[in-house]
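Trainee: Pasting in a structure now, in structure tokens, and then I'll have a few things to ask.
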Amino acid sequence: MADSSLFQSFFLIFSGAAIVATLALFGRQPLLVAYIALGVLLGPSGLAVIDNLRLLSDMSNVGIIFLLFLLGLDMQPQALVSVLRKATFVGIISCAIFLGIGFSIGQLFGFTTMESWVIGMALMFSSTIIGIKLLPTTVLHHKKLGELMVGLLLFQDFVAIVCLMILLSDSSGDMHLGQVALSFGALPLLVAFAWVVVKYLLLPLFSRFDRFHEYVFLMALGWCMGMAELAETLGLSREIGAFIAGITLAASRISQYIALNLKPLRDFFLILFFFSLGAQFKLSMLPEILVPALVTAVVVLLAKPVVFRYLLGGHSELKILAWDIGFRLGQISEFSLLIALLAFSQNLIGSEASHLIQATAILTFLVSSYIVVMNFPNPIATKDELRRD
């Protein structure tokens, strides 16, 4: 590929993203929906001005690696245990319910057993972007609502990582229990190795050279990428390795500095990820998946608030608090999109099932964000009485 072609692609993606992001903010829409829409517009199904999707897709996967690295960096062990203890029961039951619902929908519309299980996996998770970004900062950090939201989303993150391990355990498209067991067996060894390297090598180096910011930045990148590649070699996944790399550094004083400096780089690659996801969406498949996608989206939008309301009812002083959490978590997740992409790349699901999950994600992102913005306290509410920073 010529350099000019790559530059032209970046020009179209990021200049276009700046425009659609502005329109999305005026329209109170999640930015990731705008990036996906831009991908559909500029990709082969739209204006077809960008066709080098393979390179962009490969590059965008780096954003997911950074996302999981930063997720690990933000998980302080003590706080993690506290919030997870309160959310585990609700998390287990809700994940089981939505796994069953997704599997049933898949079977109803004639998908294979494996595709139905993957659809069920995709329905288990709720969007961190919508859940956290539309929560007022004071509520997020100081109130029970924020504590329960963070606990549930963290629990779902762990479940999502387990799902990624299962999906990536075998690239042949066949799920071998022996390979899955081997991957899980390699996990504690990888964690132990990471802990030893961080304690006896990385932290002393960071302490000695922390005034050289470029060095800290490069070491963090090298550690993230190195652990990602090691995990891939051990039969896990690069995403798992990056998460372990982050969480083993989380307790160090340098972790927040690293997280702050890596976020712009993560956002750069995540824009590519959501753009490439939209660009790979085949509008020609829309007639085939429209009815299943609409049914799945309606079921998610109706069932999630109800399920979380009744599961959380015993934890809340007021029933309205449980409804609030339920509606804020009433969509599927960015992880659902990642699961669809990975399962398709592993030949575990077909294009139709992958597009069903993507379409359901887009629909639930849009409708759910409107419900929250119009009815619950949030930073971008259209009504003055609901606007909370």
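Trainee: I'm checking my understanding of the structure. Among residues of region 123-142 that are in contact with a Phe, Trp or Tyr (Cβ under 9 Å, 6 or more places away or on another chain) and either in a helix (DSSP H, G or I) or of a type in the set (Lys, Arg) (or both), which one is modelled with the highest pLDDT?
Mentor: Top of the filtered list is 123.
Trainee: Kindly provide the set of residues from region 190-222 that are basic (Lys, Arg) and out of contact with any Ser or Thr (no Cβ under 9 Å at 6 or more places or on another chain), ordered by number. Outline the logic, then answer.
Mentor: Residues of region 190-222 basic (Lys, Arg): 199, 208, 211.
Answer for region 190-222, where residues must be basic (Lys, Arg) and out of contact with any Ser or Thr (no Cβ under 9 Å at 6 or more places or on another chain): 208, 211.
Trainee: Let me ask something else about it. Can residue 12 be described as hydrophobic (A, V, I, L, M, F, W, C), surrounded by fewer than 16 Cβ atoms within 10 Å (Cβ to Cβ) and at pLDDT 75 or above? If you could, list the steps in order and put the result at the bottom.
Mentor: Details: hydrophobic (A, V, I, L, M, F, W, C): yes; surrounded by fewer than 16 Cβ atoms within 10 Å (Cβ to Cβ): no; at pLDDT 75 or above: yes.
No, not satisfied.
Trainee: Please determine, by comparing only the residues of region 346-389 that are more than 17 Å from the chain's Cα centre (by Cα), hydroxyl-bearing (Ser, Thr, Tyr) and part of a helix (DSSP H, G or I), which one is modelled with the lowest pLDDT.
Mentor: 370
Trainee: I've got another one for you. Could you please give the count of residues in region 302-324 that are among the basic types (Lys, Arg) and at pLDDT 85 or above? Step through it out loud before you land on a result.
Mentor: Start the filter on region 302-324 by keeping residues that are among the basic types (Lys, Arg), which leaves 304, 309, 319.
If we keep only those that are at pLDDT 85 or above too, we end up with 304, 309.
Residues that pass the stated criteria total 2.
Trainee: Something else: Here are the criteria: (1) surrounded by fewer than 19 Cβ atoms within 10 Å (Cβ to Cβ); (2) modelled with pLDDT of 80 or more; (3) in a helix (DSSP H, G or I); (4) among the hydrophobic types (A, V, I, L, M, F, W, C). Tell me which single one residue 49 does not satisfy.
Mentor: Of (1) surrounded by fewer than 19 Cβ atoms within 10 Å (Cβ to Cβ); (2) modelled with pLDDT of 80 or more; (3) in a helix (DSSP H, G or I); (4) among the hydrophobic types (A, V, I, L, M, F, W, C), only one is false for residue 49: (3).
Trainee: Could you tell me which of the residues 120, 106, 151 is under 20 Å from the mean Cα position of the chain (by Cα), among the small types (Gly, Ala, Ser), at pLDDT 80 or above and crowded, with 20+ Cβ neighbours inside 10 Å? So that I can check it myself, show each step before the final result.
Mentor: Details: 106 fails: under 20 Å from the mean Cα position of the chain (by Cα); 151 fails: at pLDDT 80 or above.
The match here is 120.
Trainee: Let me ask something else. Please name all residue pairs, on different chains or six or more residues apart, with Cβ atoms under 6 Å, provided the first residue is in region 265-284 and is under 12 Å from residue 37 (Cα atoms) and of a type in the set (Val, Ile, Thr) and the second residue is at pLDDT 80 or above and in a helix (DSSP H, G or I).
Mentor: 271/17; 271/35
Trainee: Oh, and also: Residues that are in a loop (DSSP other than H, G, I, E, B) and farther than 20 Å from residue 285 by Cα: does region 30-37 have at least one?
Mentor: So in region 30-37, the residues in a loop (DSSP other than H, G, I, E, B) come out as 30.
Imposing the further condition that a residue be farther than 20 Å from residue 285 by Cα reduces the set to 30.
Yes - at least one qualifying residue is present in region 30-37.
Trainee: Further, regarding this structure: Restricting attention to region 289-301, does a residue exist that is touching a Pro at 6+ places or on another chain (Cβ under 6 Å), surrounded by 21 or more Cβ atoms within 10 Å (Cβ to Cβ), modelled with pLDDT of 90 or more and assigned to a helix (DSSP H, G or I)? Working first, answer last.
Mentor: If we filter region 289-301 for residues that are touching a Pro at 6+ places or on another chain (Cβ under 6 Å), which is where we start, we get none.
No - not one qualifying residue is present in region 289-301.
Trainee: Taking interchain pairs and intrachain pairs at least six residues apart, which have beta carbon atoms under 8 angstrom, with the first residue in region 334-355 and farther than 12 Å from residue 115 by Cα and the second among the β-branched types (Val, Ile, Thr)?
Mentor: Taking only residues 6 or more apart or on different chains, the pairs are 334/128; 334/129; 336/357; 336/360; 337/357; 338/64.
The rows are residues; the columns are (1) at pLDDT 65 or above; (2) in a helix (DSSP H, G or I).
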site: 174; (1), (2): no, no
site: 180; (1), (2): no, yes
site: 185; (1), (2): yes, yes
site: 189; (1), (2): yes, yes
site: 195; (1), (2): yes, yes
site: 202; (1), (2): yes, yes
site: 205; (1), (2): yes, yes
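Trainee: Another question about this same structure. Looking only at region 227-236, which residues are surrounded by fewer than 24 Cβ atoms within 10 Å (Cβ to Cβ) and either assigned to a helix (DSSP H, G or I) or among the polar types (S, T, N, Q) (or both)?
Mentor: 229, 230, 232, 233
Trainee: On to the next question. Consider residue 339 against the criteria (1) at pLDDT 90 or above; (2) part of a helix (DSSP H, G or I); (3) not aromatic (Phe, Trp, Tyr): it satisfies all of them except one. Which criterion is unmet?
Mentor: Here residue 339 clears every test but (1).
Trainee: Follow-up. For the structure I just gave you, tell me whether residue 270 is in a helix (DSSP H, G or I), closer than 23 Å to residue 166 by Cβ, out of contact with any His (no Cβ under 7 Å at 6 or more places or on another chain) and not acidic (Asp, Glu).
Mentor: On the way: in a helix (DSSP H, G or I): yes; closer than 23 Å to residue 166 by Cβ: no; out of contact with any His (no Cβ under 7 Å at 6 or more places or on another chain): yes; not acidic (Asp, Glu): yes.
When the stated conditions are applied, residue 270 does not pass them.
The values are calculated or read from the model by the stated rules, or taken from the named source; none is laboratory data. This one's a predicted model, so the numbers in the text were calculated from it and none came from an experiment. Here Cβ is always computed from backbone atoms with ideal geometry, including for glycine, and neighbour counts include all displayed protein chains.
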